[in-house]
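Here's the structure, in structure tokens; my notes come after.
Taken together, the values in this text are just the output of simple stated rules run on the coordinates, not laboratory data. These numbers come from a predicted model, not from an experiment. We place every Cβ from the backbone using ideal geometry, glycine too, and count neighbours over all the protein chains shown.
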Amino acid sequence: MKFGIAIPRIIILLAMLLISSGCGYHFSPGGEYIDPDVRKIFIEPFANRTSQANLEDTIRLAITDWFVRGQRFKIVDSEDQADALFKGTVKSLTTTPLSYRGTNLAAEERMTLTLDLSFEDRRTKKAIWKNGDFSGTQDYAVASVNETETVRKNALTKLSRDTAERAYRMMMSGF
């Protein structure tokens with residue numbers, strides 16, 4: 001009878017031990033894998049392969065903001081002052097309807113942004129981090145025909161900021 005009570009307690013104790021120990025895997029958001037001599041970066045103007053005017057500037061500004069927040073690097077004004085270069089290309093921006101109103105007008109849409117991003121050592125030209133198909137999505141409600149452009153612009157700003165944050169965190173974590 002004592003074994004009947006002890007076995008569930010042992011199982012619970014083992015389960016708690018396994019859960020609390022974890023796998024030892026964690027993000028390293030400080031960029032410890034990046035050479036400590038890489039301190040100054042230059043963020044190159046982004047290329048834009050879409051028809052959305054100034055999208056490259058919006059994305060570059062969002063990326064710059066994350067480098068400033070991170071405080072790991074100093075942003076410099078020219079390539080020749082930098083230890084590393086951050087480069088980007090806006091490859092695509094698509095919008096897809098998610099749901100429709102009874103009038104066959106979209107009620108909700110999903111915006112998808114795809115980027116080619118790289119962070120490379122300026123002297124050696126070797127990639128520190130690279131992702132040729134980095135993408136993000138943002139869903140938004142389409143209120144009315146008159147408000148669509150404003151809602152879409154706000155969604156694009158949020159998408160740019162969120163995608164820049166994810167890219168920065170992944171780069172700093174070595175993913």
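Observations on the model:
- Placing pseudo-labels 7 Å out from each Cα toward the beta carbon at Val68 and Asp133 gives an inter-label distance of 3.4 nm.
- Highest mean packing first, where packing is the average number of other Cβ atoms within 10 Å per residue, the peptides 159-171, 44-56 line up as 159-171, 44-56.
- Label-to-label distance, nm, for residues given as Ser78 and Arg9 (7 Å Cα→Cβ offset): 7.5
- Residue-span extension gain [Leu105 to Glu165] - 0.36 nm each, minus C-alpha spacing: 18.4 nm
- Distant-in-sequence amide H partners of Asn48 (H built 1.01 Å from N, under 5 Å): Val90
- Segment Tyr33-Ser92, extension gain: residue separation times 0.36 nm, minus the distance between their alpha carbons: 18.2 nm
- Stretching the chain fully between Lys153 and Asn54 yields a gain of 34.5 nm (0.36 nm per residue, less the alpha carbon separation).
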